[in-house]
Structure formats: structure tokens, C-alpha cells
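This report concerns only the one structure given below.
The values are calculated or read from the model by the stated rules, or taken from the named source; none is laboratory data. The structure displayed is predicted, hence computed values, not measured ones. When we count neighbours, we look across all protein chains shown, and the Cβ atoms used for this are built from the backbone with ideal geometry, even at glycine.
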């Protein structure tokens, strides 16, 4: 079966990074800046629910990336997300010891903990801090993950294969289709709306795909009232175009892997030439 027969010409994925306590604890906890936790609390109190309403009205299913410890603290969020048919994937961090047992155990423990919480083994992973080591991707594949969505190195998904034969689909993300890129620097809502449409137009016309990355936080996320409206308008704009279809990340990764016969090796870090 050809890729065109299996997939829409322009697949769209929406990935929601759920920020509640973990990120603020890491960034502000040691400094005693308790007030910074309010940004994550906003996402848990208001943001997630507002996003769920918007996705329900638009009739799309998305992927929520959650730190397992946050999921454990907010089981009501997990329950609501799953009841609406959305996917929950792992949002994790790699450890300093990238080659040792602690590194592999961390990836496996995150997977198993989220499975215990949701009742489903997660098949997707995204770096919570945007950092991925050379050994992370092969380790994810060997642990049975289907896809990663952390890199920014292509306009379309691609499939990697390791020496063991295990595969991993990469679903690349894009800075200009990420809310925090703009809201971190206090850009206006109007600028975000304009940039997203321009970036999506370019991807659509060039035969790429669209991976919109959102956050539930109250400061740099898309969950406040005017911002979630931008998300809804973006979804409706894309849905009105020919040959566009929305996928959960796992569904797109599975379809892409089935439709593609070409694979590539996992990326490696080249030694500098001096």
C-alpha cells in the first residue's frame, strides 16, 4: 500500500505538553519560588479542561504528553483525557549517565508507571526539556516505543532502524508551530495566529506535515481564553482544506511505519575534525 493511499496528503498532529508540578519544581523549587507553581496549577485547574472542550468542539483527537509523576497526582485529568479518546504518551527526561543502567531504567520506569496509571502501555515519548542523547532513541526502540517526537530535523516523519532490528518513528516538531516559542518572549496573540497560519501554509503547499505543539501552562501555554480560541481557529482552518486529516501521534506513527519501506540508521554525534 502506498503512503498516499494510507495517509492524507497533509497529516496534522497536535501534541499537548501537560505541565503541572514537575517543571516548576525543577526550575523554581530550590529557590523557594513557590509562586511560580501557579503557572502549572493554572493548567491543571483551567487549561486542560478548556483545551479538552476545544478539541471536543472541533471533533479532533490529540496526544497529551505527561510526566508520569504528574499523571499520578492528577488522575482526574488522565481519566478525562482517555474518556475523550485522546492518547497519553510519556514526557520524560534523560539522565546524566547516558550509557548506564540508570538511564535505561529511567526510560523503562516511566513507561511502566504510565501504563499502570492509564491501563495502556504508552508507545510515544517526548523529551521534557528538549534534550535527547545519542543513546536515547535506540534505547526507546529497544524498549518497544513506537515513536519519539522531540527532534526538529525534517519536514515529515521518518523511520529509524537499529542493529537489533527495532524501529522508531520520528515525528519532528517545529519551533514556529510551538506556542512557547512565542509566548515565552511575550509576543502578541495576533502574531502567534499569523505565524501559525503562515507556517502551516508553507508545510501544506510543500507536501509536508503539521505538528502543532501546545502547553497547558498559564504563562507560555495556549490554555488561557484568547489563546485557546487561536487553537480552535487554527484547527478549523486546517480542517477546511482538502486532503488534511488529524491524527493522534501513535496513529500517524503506526500508519507511517506501515506505509514506508525505507529506514535509516539512528543518528550519531560525529567527532569534530581538528
Original post:
With (1) surrounded by 12 or more Cβ atoms within 10 Å (Cβ to Cβ); (2) modelled with pLDDT under 95; (3) out of contact with any helix residue (DSSP H, G or I) (no Cβ under 7 Å at 6 or more places or on another chain) as the list, and residue 65 as the residue in question, which single condition is left unmet?
Top reply: (2)
**OP:** Name the single residue, out of those in region 199-235 being without any contact (Cβ under 8 Å) to a residue 40 or more places away in the chain and under 17 Å from residue 173 (Cβ atoms), that is surrounded by the most Cβ atoms within 10 Å (Cβ to Cβ).
**Re:** 200
Original post:
Is it the case that some residue within region 257-271 is within 15 Å of residue 51 (Cβ to Cβ) and not in a helix (DSSP H, G or I)?
Top reply: no
Original post:
Do we have any residue at all in region 243-260 that's modelled with pLDDT under 95, over 14 Å from residue 212 (Cα atoms) and out of contact with any strand residue (DSSP E or B) (no Cβ under 8 Å at 6 or more places or on another chain)?
Top reply: yes
Subject >> Failed condition for residue 101, given (1) within 19 Å of residue 13 (Cβ to Cβ); (2) modelled with pLDDT under 95 >> reply: (1)
Original post:
Regarding residue 40, is this residue assigned to a helix (DSSP H, G or I), out of contact with any helix residue (DSSP H, G or I) (no Cβ under 7 Å at 6 or more places or on another chain), surrounded by 14 or more Cβ atoms within 10 Å (Cβ to Cβ) and modelled with pLDDT under 95?
Top reply: no
Subject >> Unique residue being modelled with pLDDT under 95, surrounded by fewer than 22 Cβ atoms within 10 Å (Cβ to Cβ) and within 21 Å of residue 248 (Cβ to Cβ) when the list is 84, 152, 95 >> reply: 152
